[in-house]
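Take a look at the structure below.
The values are calculated or read from the model by the stated rules, or taken from the named source; none is laboratory data. Quick caveat, the model's predicted, so the values are computed rather than measured. With ideal geometry, Cβ positions are generated from the backbone for all residues, glycine too; neighbour counts draw on all protein chains shown.
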Amino acid sequence: MNKEVTEFIKDKTLINGQWLEAISGKKYPVFNPATGEQIVLVPDMGQADTRLAIEKAEQAQKLWLKQTAKQRSIILKRWAQLVEAHLETLATILTLEQGKSLAEAKGEVTSSINYIDWFANEAMRVNGDVLPPSAAGNFEFVKKRAVGVVAAITPWNFPNSMIARKVAPALAAGCSVVIKPAEDTPLSALALAALAEQAGIPAGVLNVITASSGHEVGQELCANPIVRKLSFTGSTEVGKILSRQCADTVKKLSLELGGNAPFMVFDDADLDAAVQGAIAIKFYNSGQTCICANRLLVQDGIYEAFIVKLQEALGKLRLGNGLQPDSTHGPLINEKAIQKVDSIVNQAIEQGARLVQGGSYLPEIGKQFFNFTILADVTPEMDVFKTEIFGPVAAVYRFKSEEEAIRLANSTNYGLAAYAYTEDKGRIFRLSDQMEYGMLGINTARFVSETVPFGGVKESGIGREGSVHGIDEFLEMHYVCIKN
Ligand code: ADP
């Protein structure tokens with residue numbers, strides 16, 4: 001490992017500008033999912049550490065808020081520049097702890113730079129309103145104020161960019177943050193924190209709590225009244241727990257939860273583009289994203305042709321250790337994930353799905369590698385229809401009419417991302433009207449960037465991240481009426 005990578009793999013966490021061990025002295029190991037090797041031991045923190053970080057964040061926020069928007073913006077820009085200067089190092093650390101290919105890791109770090117830079121600019125555009133007076137001579141206005149201390153709980157599938165997408169708007173708005181990265185992937189968060197410190201983000205404004213389980217830390221983040229906002233990305237199941245835990249202190253919430261994305265391919269679609277789109281969004285991050293195509297709904301007339309082409313295209317992908325240049329796709333995050341995907345596939349086959357290819361894990365590459373899999377003839381009656389697969393398994397369904405496709409696509413409690421491939425203009429408008437999703441890609445499957453209001457409806461979440469709206473999640477309206 002090169003020297004810079006070693007330097008940025010931290011074995012302590014940043015609280016109030018100091019690199020600390022857990023108060024209990026406990027540590028836990030972080031593993032490389034491609035090899036199973038231990039990378040480092042990090043602090044295994046609990047309630048007392050979390051409370052300390054929250055209290056320090058509260059003190060720091062008061063001073064951070066006194067800086068002008070321009071001063072905050074300049075510091076955030078410096079952070080973005082430092083992340084860019086260390087892109088290779090951050091991407092390597094990301095691949096080491098998460099497994100994705102180095103190319104995907106570089107893409108993720110680049111998106112972090114874009115988020116930080118975007119919100120550095122947005123910091124300068126937090127304006128209020130002057131209202132028409134409700135009584136003669138009054139002066140009435142609305143200003144926007146930072147919500148205060150923010151808790152950010154982030155997942156392991158994008159350990160770098162999920163930090164940037166939450167922390168940058170929070171800091172731009174004038175909030176301070178306590179981050180709880182996923183237990184499997186704390187190293188990207190710690191490396192980003194080190195660069196934030198170098199960029200001049202003051203002590204206590206950005207704090208990280210590492211822990212081998214989210215439970216105890218999560219409880220403190222939710223119950224502590226100093227925390228005024230929770231921004232969470234993860235499973236719907238945990239999102240519901242956190243939302244219940246936040247009820248007692250009535251915190252502002254942003255929840256980016258699970259998805260069950262339909263990927264619809266109509267008879268009139270450009271078949272090659274649809275196959276490319278399916279490969280890009282189904283197998284991205286080895287199928288471990290909340291916007292991955294979870295149900296490939298393909299119309300009768302091109303159904304078999306689509307499957308043949310999908311299989312051909314899969315033949316060009318290569319599973320392997322993400323650090324090897326020829327690997328396009330990496331392992332799943334841990335053994336639990338492998339077992340879950342394996343049982344989803346077996347259950348679908350037992351219920352009548354046809355295994356076109358894959359369907360097993362590949363211990364010859366590494367314990368946590370699952371083969372690219374296609375399941376055909378999947379039906380809405382099978383359990384997999386309702387399950388977020390989170391692995392490299394394409395489940396392909398057949399439909400006859402547009403009405404049926406829309407009905408199937410919407411028959412889920414989730415509502416994050418949806419995709420459709422069709423050349424019919426009328427249908428495109430009907431889909432954009434009728435699809436019950438926060439985001440819809442037509443003839444494209446990769447549209448997420450810092451300019452996009454990312455988020456879902458139904459049980460996929462509350463709130464939006466990114467775009468001009470992202471900063472509002474960390475602001476509150478404050479109305480003032482000055483009587484004449
Ligand atoms: P995933 O399915 O992506 O693993 P999780 O919802 O389990 O999603 O995890 C996302 C984040 O939520 C991680 O940082 C994890 O540690 C945290 N987490 C899991 N359970 C809890 C909990 N009970 N309280 C707080 N955070 C939790």
Practice problem: Find all pairs meeting these conditions: Cβ atoms under 8 angstrom apart; at least six residues apart or on different chains; first residue within region 233-250 and more than 22 Å from Asn413 (Cα to Cα) and assigned to a helix (DSSP H, G or I); second residue more than 7 Å from the ligand (Cβ to nearest atom) and not basic (Lys, Arg). | Solution: Asp248/Ala223; Thr249/Cys222; Thr249/Ala223; Thr249/Asn224; Thr249/Pro225; Thr249/Val227
Quiz item: Being among the polar types (S, T, N, Q), modelled with pLDDT of 95 or more, more than 30 Å from Lys425 (Cβ to Cβ) and over 18 Å from the mean Cα position of the chain (by Cα), is that true of even one residue in region 218-230?
Solution: yes
Quiz item: Name the residues in region 449-483 that are aliphatic (A, V, I, L, M) and either in contact with a helix residue (DSSP H, G or I) (Cβ under 8 Å, 6 or more places away or on another chain) or crowded, with 17+ Cβ neighbours inside 10 Å (or both), would you?
Solution: Ile462, Val468, Ile471, Leu475
Quiz item: Are any of the residues in region 386-408 surrounded by fewer than 17 Cβ atoms within 10 Å (Cβ to Cβ) and over 30 Å from Asn346 (Cα atoms)?
Solution: yes
Quiz item: What pairs come up if the first residue lies in region 332-350 and is closer than 17 Å to Pro155 by Cβ, the second is of a type outside the set (Gly, Ala, Ser) and part of a helix (DSSP H, G or I), and their beta carbons are under 6 Å apart, counting only those six or more places apart or on different chains?
Solution: Leu332/Ile338
Exercise. Give region 217-235 a look and list any residue that's surrounded by fewer than 22 Cβ atoms within 10 Å (Cβ to Cβ) and more than 8 Å from the ligand (Cβ to nearest atom), or say none.
Key: Ala223, Asn224, Pro225, Ile226, Arg228
Quiz item: Can we say Tyr437 is touching a strand residue (DSSP E or B) at 6+ places or on another chain (Cβ under 7 Å), outside any loop (DSSP other than H, G, I, E, B) and surrounded by 17 or more Cβ atoms within 10 Å (Cβ to Cβ)?
Solution: no
Practice problem: Quickly run through region 236-253 and pick out the residues that are of a type outside the set (S, T, N, Q) and either near the ligand (Cβ under 9 Å from one of its atoms) or more than 30 Å from Cys292 (Cα to Cα) (or both). | Solution: Glu237, Val238, Gly239, Ile241, Leu242, Ala247, Asp248, Val250
Practice problem: Give the residues of region 135-154 that are within 16 Å of the ligand (Cβ to nearest atom) and in contact with a helix residue (DSSP H, G or I) (Cβ under 6 Å, 6 or more places away or on another chain), sorted by residue number. | Solution: Val150, Ala151, Ala152, Thr154
Quiz item: How many residues are free of Cβ contacts under 8 Å to residues at least 60 places away in the same chain and more than 12 Å from the ligand (Cβ to nearest atom) when one looks only at region 165-186?
Solution: 1
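So that you can scan it fast, the table gives a plain yes or no per residue for (1) under 18 Å from the mean Cα position of the chain (by Cα); (2) of a type in the set (S, T, N, Q); (3) buried (at least 17 other Cβ atoms within 10 Å of the Cβ):
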{"residue": "Glu256", "(1), (2), (3)": "yes, no, yes"}
{"residue": "Asn285", "(1), (2), (3)": "yes, yes, yes"}
{"residue": "Cys292", "(1), (2), (3)": "yes, no, yes"}
{"residue": "Leu297", "(1), (2), (3)": "no, no, yes"}
{"residue": "Ile302", "(1), (2), (3)": "no, no, yes"}
{"residue": "Gly322", "(1), (2), (3)": "no, no, yes"}
{"residue": "Ile333", "(1), (2), (3)": "yes, no, yes"}
Self-check item: Enumeration of residues in region 352-374 that are polar (S, T, N, Q) and surrounded by 14 or more Cβ atoms within 10 Å (Cβ to Cβ)
Solution: Gln357, Gln368, Asn371, Thr373
Exercise. Taking the options Ser213, Ser254, name whichever one is free of Cβ contacts under 8 Å to residues at least 40 places away in the same chain and in contact with an Asp or Glu (Cβ under 7 Å, 6 or more places away or on another chain).
Key: Ser213
Quiz item: For region 200-216, how many residues are of a type in the set (A, V, I, L, M, F, W, C) and either more than 15 Å from the ligand (Cβ to nearest atom) or surrounded by fewer than 17 Cβ atoms within 10 Å (Cβ to Cβ) (or both)?
Solution: 4
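Every residue, every condition in (1) over 23 Å from Pro159 (Cβ atoms); (2) surrounded by fewer than 18 Cβ atoms within 10 Å (Cβ to Cβ), yes or no:
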position: Asp49; (1), (2): no, no
position: Ala53; (1), (2): no, no
position: Trp64; (1), (2): yes, no
position: Thr68; (1), (2): yes, yes
position: Gln71; (1), (2): yes, yes
position: Trp79; (1), (2): no, no
position: Leu87; (1), (2): no, yes
Practice problem: Could you list, in sequence order, all residues of region 113-156 that are assigned to a loop (DSSP other than H, G, I, E, B) and surrounded by fewer than 18 Cβ atoms within 10 Å (Cβ to Cβ)? | Solution: Asn127, Gly128, Pro132, Pro133, Ser134, Ala135, Ala136, Gly137, Asn138
